[in-house]
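The values are calculated or read from the model by the stated rules, or taken from the named source; none is laboratory data. The structure presented is a predicted model; accordingly, all values stated were derived computationally and were not measured. Using ideal geometry, Cβ is built from the backbone for each residue, glycine included, and neighbour counts are taken over all protein chains shown.
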């Protein structure tokens with residue numbers, strides 16, 4: 001390999017590591033609820049990789065993980081960055097869809113430094129996503145009844161990862 005290509009490769013890895021470890025600070029920091037909350041709870045965990053799970057009552061759904069980069073930097077500063085590129089989520093790969101009544105509280109919890117959530121109609125391709133305003137790790141899902149994609153982008157010191165879930169908002173008063 002030519003020497004200048006090595007320089008480009010090393011600079012690219014360093015830029016990717018720097019970008020994945022930065023935090024804009026504008027997202028909501030998840031904190032555990034004071035008790036077991038009633039509502040839709042999204043839990044974020046990270047170790048060798050980042051994961052998220054949504055829970056409503058007894059029903060759970062694992063997240064569709066979007067494109068991201070994840071650092072494996074050791075304490076001495078030496079490590080690597082793994083970047084994963086995924087196809088855009090569609091209605092078909094956001095299953096199972098969790099059914100929640102209109103007005104349900106959304107809670108975020110776990111080890112992520114910050115979380116930003118968005119909702120959009122669940123269609124192929126996904127419709128425009130609107131930001132969900134979070135206060136102290138929670139928000140109210142007051143969208144019109146229908147199927148939605150819930151995107152929650154979480155950040156850790158090792159990187160940022162977008163997670164997607166299928167959510168069906170039901171009219172209030174229906175038994176689920």
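Results for (1) surrounded by 14 or more Cβ atoms within 10 Å (Cβ to Cβ); (2) modelled with pLDDT under 95, shown as yes or no for each residue.
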residue	(1), (2)
28	yes, yes
35	no, yes
40	yes, no
45	yes, no
52	yes, no
62	no, yes
71	yes, yes
- Query: Which of (1) within 16 Å of the chain's Cα centre (by Cα); (2) modelled with pLDDT under 80 is the odd one out, the single condition residue 131 does not satisfy?
  - Reply: (2)
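Taking the range 86-104 as the region of interest, how many residues are in a strand (DSSP E or B) and either in contact with a helix residue (DSSP H, G or I) (Cβ under 6 Å, 6 or more places away or on another chain) or within 24 Å of residue 46 (Cβ to Cβ) (or both)? Outline the logic, then answer.
Here is the first cut: in the range 86-104, the ones in a strand (DSSP E or B) are 97-101, 104.
From what's left, either in contact with a helix residue (DSSP H, G or I) (Cβ under 6 Å, 6 or more places away or on another chain) or within 24 Å of residue 46 (Cβ to Cβ) (or both): 98.
Matching residues across the range 86-104 total 1.
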- Query: For the range 140-155, how many residues meet the condition of being surrounded by fewer than 21 Cβ atoms within 10 Å (Cβ to Cβ) and part of a strand (DSSP E or B)?
  - Reply: 5
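Scanning the range 105-128 for residues that are at pLDDT below 90 and not in a strand (DSSP E or B), which turns out surrounded by the most Cβ atoms within 10 Å (Cβ to Cβ)?
Step one: filter the range 105-128 for residues at pLDDT below 90, giving 120-128.
Retained after the next criterion (residues that are not in a strand (DSSP E or B)): 122-128.
Values: 122: 22, 123: 13, 124: 10, 125: 9, 126: 19, 127: 13, 128: 8.
Here the answer is 122.
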